[in-house]
Structure formats: C-alpha cells, structure tokens
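Every number here is computed from the coordinates shown, using simple stated rules; none is lab data. Predicted model only: the values in this text are computed from it and were never measured. A quick note on method: Cβ atoms are made from the backbone with ideal geometry, for glycine too, and the neighbour counts reach across all protein chains shown.
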Amino acid sequence: MARLGRRWGLDSTWRIVAVLVAFSLAGMSVVVARRGVWRLFGFTDDTETWVKVATYLALVFPLYQLLLLAWGTLLGQFRFFWAKEKALVRWVLRRG
C-alpha cells in the first residue's frame, strides 16, 4: 500500500483504498453498461468482432473514463482522477 501511495502521490491509506474502490466500481459499472450498449446496437454472438471492438473504443472506453470520474468524485478523489484523465488525454493526443 505504501508503494502505491508513493507512486500515485497519495498521502493516506484511506485515499489509496478510495482510489482502488473507485477503479473497481468503475470497472463493474462499465461491464453492465457495455451489455446495454451491445443490446442497444443489436449486437449478437454473430456480430463481427471488429464492429464490437470499434464500438468499444468509440463508446465504452470513454464511458469508463466518465464512470471513473463519477465514482472518484463520490469517494472524494476527484482531483486524483481528474489529473489522471488530463494525462491520458495528453498522451492520446501526442500519439494521434
């Protein structure tokens, strides 16, 4: 835990736990949301994999980022997740 705290710049065990819980909740939430997106678009087992991957990257991945911010905010860690989101956007823009 101490190593995670140093790596992420978190100063207490509570903050580390809150961040880990936010990651977990966002992951579980996006699994449920993905099922809804698949249903909305009418995807089945016969749907081409590339279509599912493209949809995932275009819709579900950004949704995960929003859920991460939402759960992080509810757990009092908005600044931590906002900094991570800004870094992710900068990284993506440099690659593209």
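Which of 22, 54, 70 moves most in a GNM of the chain, Cα contacts under 10 Å?
Of 22, 54, 70, the most mobile in the Gaussian network model is 54.
Helix 78-95 versus the longest principal axis of the chain: what angle, 0 to 90°, nearest 10, using Cα atoms?
50 degrees
Taking the chain as a Gaussian network, where each spring joins two C-alpha atoms under 10 Å apart, which residue of 60, 30, 51 fluctuates the most?
Checking each option, the largest mean-square fluctuation is seen for 51.
Going by alpha carbons, how many degrees (0 to 90, nearest 10) lie between the helix axis of 61-74 and the longest principal axis of the chain?
Compared with the principal axis, the helix lies near 40 degrees.
Expressed as a whole number of Å, what is the distance separating the alpha-carbon centroids of the stretch 5-27 and the stretch 37-96?
Between the Cα centre of the stretch 37-96 and that of the stretch 5-27, the gap is 19 Å.
Between residue 44 and residue 74, what is the spin-label point distance in nm, taking each point 7 Å from the Cα along the Cα→C-beta axis?
3.5 nm
Check each of the chymotrypsin sites (Phe, Trp or Tyr not before Pro) in the stretch 35-96 and keep only those in coil by DSSP with at most 11 other C-beta atoms within 10 angstrom; list them in order.
Values: sites: 38, 41, 43, 50, 56, 64, 71, 78, 80, 81, 82, 91; in loops: 43.
Passing both the DSSP loop test and the Cβ count: no residue.
Can you give the extra length, in nm with one decimal, that the chain gains between residue 6 and residue 51 once fully stretched, where that is 0.36 nm per residue apart less the Cα-Cα distance?
So the extension gain works out to 12.2 nm.
Given springs between every Cα pair under 10 Å in a Gaussian network model of the chain, which of 42, 76, 27 has the largest fluctuation?
With Cα springs under 10 Å in the chain, the top fluctuation among 42, 76, 27 is at 42.
To two decimal places, what compactness ratio does the stretch 2-95 give when its Cα radius of gyration is scaled by 2.2 N^0.38 Å? Don't jump to the answer; show the numbers that get you there.
Details: Rg = 15.7 Å, N = 94, 2.2 N^0.38 = 12.4 Å.
With N residues counted in the stretch 2-95, Rg over 2.2 N^0.38 Å equals 1.27.
On full extension of the chain, what length is gained from residue 65 through residue 83, given 0.36 nm per residue of separation minus the C-alpha to C-alpha distance?
Values: separation 18, 0.36 × 18 = 6.48 nm, distance 1.21 nm.
Gain in length upon complete extension: 5.3 nm.
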